[in-house]
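Written out below as structure tokens is the structure these notes cover.
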Amino acid sequence: MVDPPEHNRSMQRHGVVFAMTLVLSAAGCISGAGVRPYRLYPAGPQPLGPKQVSTLALNADTRTQLVDDKDVSSLGGYFELLPGCHVISIPSPSPSRYNVGAITPRWTFALPMRAGHQYQVRGNALGKVATERFTIRVYESDLGGKETRAFEHAESPTDIEACKQEAARSLAGGPGVSRL
């Protein structure tokens, strides 16, 4: 067998290094290594597991500015919270690209977050033209990824009070709690 030319040996070594890097990167993704949510509760002596907390994730179309009156706009788009009622605030989509800098109203969501559940904020255009309706909803899913509920924005302080009551029942394990 003839040895490959010297310049091909270098290319083969680089190919092996590239392949190993690709394999190790994929292994990191498969093992669950990745972005950790930003914790929005005081750290305890032991880290809490995914079955003990709730996570809140944003898509590229939405930016949460406040979670429980705390400005989180600079903390990324993935958060970990303790179960309970959490109020999030999102700027409503601007109806026109020319409204840059204008004061836009906020959409508020009152979420009775449950342990072991994920909450994803998603914006959806309900038409093909930019001037048509745009809506934002929050979708709840269990750890297996099955969507269990969808939340519309809160329309009054009564919605926030209902959230607090549902969260209290859920934390107490009382009757009337939806366990889909």
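The values are calculated or read from the model by the stated rules, or taken from the named source; none is laboratory data. For clarity, every value in this text was computed on a predicted model and none was experimentally measured. Note: ideal-geometry Cβ built from the backbone for every residue, glycine included; neighbour counts use all protein chains shown.
Numbers at a glance
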read-out: Within the stretch 38-91, strands (runs of 3 or more DSSP E) holding 3 or more residues that are in contact with a strand residue (DSSP E or B) (Cβ under 7 Å, 6 or more places away or on another chain) and free of Cβ contacts under 8 Å to residues at least 12 places away in the same chain; value: none
read-out: Index of the failed condition, Glu80 passing every other in (1) out of contact with any Ser or Thr (no Cβ under 8 Å at 6 or more places or on another chain); (2) at pLDDT 90 or above; value: (1)
read-out: Failed item in (1) of a type in the set (Ser, Thr, Tyr); (2) at pLDDT 95 or above; (3) not assigned by TED's automatic domain parsing to the domain that holds Leu48, with Ser178 passing the rest; value: (2)
read-out: Neighbours by Cβ (under 6 Å, 6+ apart or cross-chain): first from the stretch 137-165, assigned by TED's automatic domain parsing to the domain that holds Gln52; second assigned to a helix (DSSP H, G or I); value: Ala154/Ile160
read-out: Top-ranked residue in the stretch 143-163 [being surrounded by 14 or more Cβ atoms within 10 Å (Cβ to Cβ) and under 16 Å from Ala115 (Cα atoms); ranked as farthest from the chain's Cα centre (by Cα)]; value: Cys163
read-out: All positions within the stretch 108-166 that are in a strand (DSSP E or B), at pLDDT 90 or above and over 13 Å from Val87 (Cα atoms); value: His117, Gln118, Gln120, Arg137, Tyr139, Glu140, Ser141, Asp142, Glu147, Thr148, Arg149, Ala150
